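Student: Handing you a structure now.
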Amino acid sequence: MQQELLNKTFSEKNHEEALSLNDGLMAKIHHSSDPNYCSSEPFRVSSYALILITKGKLNIKINFEDYVLNHRDILLVLPHSVYEIADNSSVSFISIHFNKSYLKNKGIFFNNGETYRMSKDVQSHKFSLSKEEYTFIYYDMLALHKKLNVSKDTPQIKNIVHNSFLELLYDIFLLKNKQKDSKPLVHNSRTELTNRFLSLVSENFKKEKRVIYYANCLRITPRHLSQVVKQVTDRTAGEIIDEMVIREAKLLLTSHVMNISEVAMELRFSNSSFFGKYFKKQTGITPSEYKMSNNIAV
């Protein structure tokens, strides 16, 4: 049933298959004149993407909060976050998609703790470029797009593409660091533990919602786990688990493919009544009320 939902939205499976066929890296140029260029329904992918607005503005919801991307804005799309394009009638953009396997195979690692912190603050992974910076990044992206369309039989093309991708990535990091006021996340035993916890939760939150389960997996006490995770993310372990469950619940309810009982079953709640109480405690409204107020045609 969940795959039916994904097929009706962005189709995470199809997206990942396309990435896999392209060695984990893709580039696309999107124009609003093409009516099929982007889904208008909520979608979630497990890969990363860089989006540069080249014309107009993009109204977008990120984890069900409204944001606007204007010309020369750049956004890093994070894995497992939920996105919805609210209005795509007057925008064009370039997107670069890359999965975790591509990064890992190339020896590049994104810190899970930093990624979580970024997902809580959209301003930390969305920023505006000056005209000069925009031109710089725009041509980086165009160059990568061009190289990705070169025949795979071309000698050394994988290395050429990878170097072009690295140049883009590092140029963006340099620009972002120049603009950033916040302190970087320090890498130590606490962040390492938090990274392991976040990885475990992202893989198991549907079937395991208890802090003690993750604490046992990490061979520490639940209290110690929550204290460490809070120091790194400003959220307790239990709050992070709840956030992931509610985010998934909202996506499934918004799709209108599943009824409330099916959503409860998908998220491994014992029954729809227990799911309803849990959802209302976290959001202040019932699943039915949320479903009614987020009526999206499919």
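The values are calculated or read from the model by the stated rules, or taken from the named source; none is laboratory data. Keep in mind the model is a prediction, meaning the values are calculated, not measured. For neighbour counting, all protein chains shown are included, and Cβ atoms are generated from backbone atoms with ideal geometry for every residue, glycine included. Each accessible area value is taken on the protein alone, full model and side chains, heavy atoms only, with ligands, DNA and RNA left out. Shrake-Rupley method; radii C 1.70, N 1.55, O 1.52, S 1.80 Å.
Student: Of 146/178; 57/100; 104/178; 57/131; 100/158; 61/207, which pairs sit farther than 22 Å apart, going by alpha carbon to alpha carbon? Spell out each step's value before the answer.
Tutor: Working: 146/178 28 Å; 57/100 29 Å; 104/178 26 Å; 57/131 16 Å; 100/158 17 Å; 61/207 27 Å.
Too far apart for the 22 Å limit: 146/178; 57/100; 104/178; 61/207.
Student: If packing is taken as the average count of other Cβ atoms within 10 Å, what order do 142-152, 164-174 fall into, highest mean first? Mind showing how you got there, number by number?
Tutor: On the way: 142-152: 13.9, 164-174: 15.8.
Answer by packing, highest mean first, reads 164-174, 142-152.
Student: Now, a different point. Taking the inverse of the average 1/r across all pairs of different Cα atoms in segment 124-274, what Kirkwood radius in Å do you get? Could the numbers behind the result be given before it?
Tutor: Numbers: mean 1/r = 0.0516 Å⁻¹.
After inverting the mean inverse Cα-Cα distance, the result is 19.4 Å.
Student: Then there is this: Could you work out what % of the accessible surface of segment 189-295 is carbon and sulfur, using a 1.4 angstrom probe and leaving DNA, RNA and ligands out of the count?
Tutor: Working: 2680 of 5530 Å².
About 48 percent, which is the carbon plus sulfur part of the accessible surface.
Student: Which value results when the Cα radius of gyration for segment 189-295 is divided by 2.2 N^0.38 Å?
Tutor: Relative to the rule-of-thumb radius for its length, segment 189-295 sits at 1.14.
Student: Excluding ligands, DNA and RNA, what is the solvent-accessible area per residue of segment 155-294 at a probe of 1.4 Å, expressed in Å²?
Tutor: On the way: 7790 Å² over 140 residues.
Per-residue value: 56 Å².
Student: Given H placed on each backbone N at 1.01 Å, which residues far from residue 91 in sequence or on other chains put an amide H within less than 5 Å of it?
Tutor: When sequence neighbours closer than 5 places are left aside, the close amide H contacts are 32.
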